[in-house]
Structures are given as C-alpha cells and as structure tokens.
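*Asks:* To start, I am sharing the structure in question, which I have written as structure tokens.
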Amino acid sequence: MPEPSPFRDGARAVAAVGIAVFGFGVSFGLLARSAGMGWLAPIVMSATTFAGSSQFAAASVLDAGGTVAAAIAAAVLLNARYGPIGISVAPSMEGGVWSRLVRAQLIVDETWAVSARGDGGFDVAKLTGAGLTLYAAWVVGTIVGVVFGSALGDPSTLGLDAAFPALFLALLIPHLRSRRAVLAALIGAAIALALIPIAPPGVPIVAAALGTLVGVRRR
Amino acid sequence: MSDAWVVVAGAALATIGIKAVGPVLLGGRRLPERLASAVQLLAPAVLAALVVTQTVSDGRSLAIDERIVGVAAAAVALRLRAPVLLVVVVAAVATALTRALWPG
C-alpha cells in the first residue's frame, strides 16, 4: 500500500474530468485556429491563461469580428470569480511570494472544488496535483486541436460538456451540511439562473459569489 | 503584433493578476472573522452557480438541452452513493446517448 499523498489524491480526483478538459482543449485549439489566431498563439494562451471558458470567450469574440478590447474584456469578466476564489485559498497557501504567485495559477473551478476541506480551508498539495493534471490535459489538448483539430469530433457528441456540471454537483453535496450552506447554495443558484439570460457570460457566477458575501454580512 | 497576440497577452496578464491577488497579498494569513465566515459559504454558492450555468447556459442565454439528462443521471448516481469518477462518467454517457437517440 503506497503512503497517502494529497498530491496524488488531487490528480486522481480530477482524472475523469481531465478527459473532458482534454476534449475541450482540442475544441479550443480548433476554434482559435478558425478565428484566425494562427497555431502558436492559442497554445501560448492555454499555457499562460489556463482558464478554459475565458479563452473560448475571447476566441469567439475575435471569430465574430469583435475588437481586441472586447475579447480581453470577455476574458476578464469570465475570470473575475477567481478574485474571491483566490482569497478563499489564500490562508491555506504558505511559502514565498513567487511560489504563491505560481501555485495561484493552478486555481481553476475544478481544482479549487476538489481541494476544499469543508471547514473553509484548502489542501494546497491536493490543489497542486489536480492543477498540474488539468494543466497538462488543457495544454496538450490545445496542441492536438491546433494540429489535428478537424480530424477529431465535437466533444459534445461524447457528452463531455455534461461532465463539468456533474463534477460540480458531486463536489457541492458534501458542503451542504449546515442550513447556512444550503441557503448559500440556493441563493447562488437563483442569482446565476436569473442573470444567465440578461448578463454577459461570467457575470452570473461573480454575482453569485458577491451575493453570498453580502448576504452573510447582513445576518 | 497581430490582434491575436495582443489578446493572448492581455488575457494572460489579467488572469494571472486576478488569480494571484488573494494568494500573493494574503497568503498564509488568517482572514478577518467576518470575511472567513463569508468565504466558507463561497464554496456552496459558487458550486451551485456553476452547476446551474454549466447545465442550462450556452454562454449567452438559457439553453435547455441534453445536458439536463446527464445532470439528472448524475444526481441519481450520487443518491446511490456512486464515487465521483463514476458520477462524471454516468453524466457524459447519459448525455451522449440522449444526443445519439434523439438528434436535435
């Protein structure tokens, strides 16, 4: 029996969703190429931005003939939630400034969710294991998409788009132990649902995060 | 520099900065009591919001499609205490089957 390793646990926890991340990396590579981004820029973007939905948003704005400013603004809106999410991880993240800066880049929804301990703290070793796994899947997927993209199918055919909400649902359930947590989940879901038809992408989730923070202060 | 590279640089710098704010400024330090209790509720609130947006949004508007079937199947699997890995696979298979059997 190997000794327990949070790093390996993290990698294992995102294994299934890693396949979906790879599949969407492929479609990002494909979309970015068809949006006229060339072959190198999409790969560099996946390696430096590492936040799938924001990269899709930026590439689709360019694809639709939008301006550079609009493409960057779409990416910023979609990633705004990582402000509060990063603050939630901060107390658990020790070490030097540069080490924290680098490890902070491995924070994405999936790695944040699997490393949450339920008491408000985070297992940073687990986050790192999960983060490096998904980073590899995302960057390699992008390379495959840029190079072979059109030969591969749409990941939606394999139902991979449903892998993400299923993972988030599975990770949500263990958090619903107190009435306050259930209430926070209901408020978050309601805010997101109400804003989907009227707000730009990304805003529903930021609003859900901020809505909770405000709601808690009032109590 | 082409538009694509400006977008790549802009999005990367903004994202790196947004992700780093908390860990770089507050790393290893305890949050004030009030913020800590709010942050504890961030996980359920944001996870619930992610479940909703990833299930019924196409990025611009509400979109009810085969993902609903996948998420419902995932909920049943969770109810039966299936491990997370299996839950994710069940959701993908249920969604793929629905798409294959009832092409929209």
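*Asks:* When you go through (1) of a type in the set (Lys, Arg); (2) within 18 Å of the chain's Cα centre (by Cα); (3) closer than 23 Å to A:Pro174 by Cα one by one for B:Arg60, which number turns out not to apply?
*Replies:* Of everything listed in (1) of a type in the set (Lys, Arg); (2) within 18 Å of the chain's Cα centre (by Cα); (3) closer than 23 Å to A:Pro174 by Cα, B:Arg60 misses just condition (3).
*Asks:* Filter segment A:153-185 down to residues that are more than 7 Å from chain B (Cβ to nearest Cβ), over 19 Å from the mean Cα position of the chain (by Cα) and assigned to a helix (DSSP H, G or I), then give me how many there are. Full working, then the answer.
*Replies:* So the first thing to find is which residues in segment A:153-185 are more than 7 Å from chain B (Cβ to nearest Cβ), and the list is A:153-156, A:174, A:177-179, A:182-183.
Add one more test, that the residue is over 19 Å from the mean Cα position of the chain (by Cα), and what stays is A:153-154, A:174, A:177-179, A:182-183.
So of that shortlist, the ones also assigned to a helix (DSSP H, G or I) come out as A:174, A:179, A:182-183.
Residues flagged as more than 7 Å from chain B (Cβ to nearest Cβ), over 19 Å from the mean Cα position of the chain (by Cα) and assigned to a helix (DSSP H, G or I) within segment A:153-185 amount to 4.
*Asks:* Return the pairs, sorted by first residue and then second, in which the second residue is of a type in the set (Val, Ile, Thr), the first residue lies in segment A:153-168 and is in contact (Cβ under 8 Å) with a residue 40 or more places away in the chain, the beta carbons are less than 6 Å apart, and the residues are 6+ apart or on different chains.
*Replies:* Qualifying pairs under 6 Å: A:Ala163/A:Val17; A:Ala163/B:Val88; A:Leu167/A:Val17; A:Leu167/B:Val88; A:Phe168/B:Val51.
*Asks:* Quick one: in segment A:61-84, which of the residues that are outside any loop (DSSP other than H, G, I, E, B) and more than 7 Å from chain B (Cβ to nearest Cβ) is nearest to the chain's Cα centre (by Cα)?
*Replies:* The initial filter retains those residues of segment A:61-84 that are outside any loop (DSSP other than H, G, I, E, B), namely A:61-63, A:68-79, A:82-84.
Narrowing the set further to residues that are more than 7 Å from chain B (Cβ to nearest Cβ) leaves A:61, A:63, A:69-70, A:73-74, A:77-78.
On the way: A:Val61: 19, A:Asp63: 22, A:Ala69: 22, A:Ala70: 21, A:Ala73: 17, A:Ala74: 15, A:Leu77: 13, A:Leu78: 10 Å.
Out of the qualifying residues, it is A:Leu78.
*Asks:* Counting only residues that are at the interface with another protein chain (Cβ under 7 Å from one of its Cβ atoms) and either among the aromatic types (Phe, Trp, Tyr) or under 30 Å from A:Ala32 (Cα atoms) (or both), give me the helices (runs of 4 or more DSSP H) lying completely in chain B with at least 1 of them. Spell out how you get there, then give the answer.
*Replies:* Working: elements: B:3-26, B:33-40, B:42-56, B:67-79, B:84-101.
By residue number, B:3-26, B:42-56, B:67-79, B:84-101.
*Asks:* Residues A:Ala90, A:Ala41, A:Ala104, A:Ala51: which one is facing chain B (nearest Cβ under 8 Å), at pLDDT 90 or above and over 19 Å from the mean Cα position of the chain (by Cα)? Lay out the reasoning, then the answer.
*Replies:* Details: A:Ala90 fails: over 19 Å from the mean Cα position of the chain (by Cα); A:Ala104 fails: over 19 Å from the mean Cα position of the chain (by Cα); A:Ala51 fails: over 19 Å from the mean Cα position of the chain (by Cα).
Every option except A:Ala41 fails the conditions.
*Asks:* Do you know which residues across segment A:26-62 are under 19 Å from A:Trp112 (Cβ atoms) and in contact (Cβ under 8 Å) with a residue 60 or more places away in the chain?
*Replies:* A:Ser46, A:Phe50, A:Gly52, A:Ser53, A:Ser54
*Asks:* Here's something else I'd like to know. I need the full set of residues from segment B:21-57 which are over 14 Å from A:Ser88 (Cβ atoms) and in contact with a Phe, Trp or Tyr (Cβ under 7 Å, 6 or more places away or on another chain), in order please.
*Replies:* Once the filter is applied, which keeps residues that are over 14 Å from A:Ser88 (Cβ atoms) and in contact with a Phe, Trp or Tyr (Cβ under 7 Å, 6 or more places away or on another chain), segment B:21-57 yields B:Leu50, B:Val51, B:Gln54.
*Asks:* Go through B:Ala100, B:Ala92, B:Ala75, B:Ala82 for me and flag whichever is within 25 Å of A:Pro201 (Cα to Cα) and free of Cβ contacts under 8 Å to residues at least 40 places away in the same chain.
*Replies:* Numbers: B:Ala100 fails: within 25 Å of A:Pro201 (Cα to Cα); B:Ala75 fails: within 25 Å of A:Pro201 (Cα to Cα); B:Ala82 fails: within 25 Å of A:Pro201 (Cα to Cα).
Just a single option satisfies the conditions, and that option is B:Ala92.
The values are calculated or read from the model by the stated rules, or taken from the named source; none is laboratory data. Since this is a predicted model, take the numbers as computed values, not measurements. Here the Cβ is made from the backbone with ideal geometry for all residues, glycine too, and neighbour counts use every protein chain on show.
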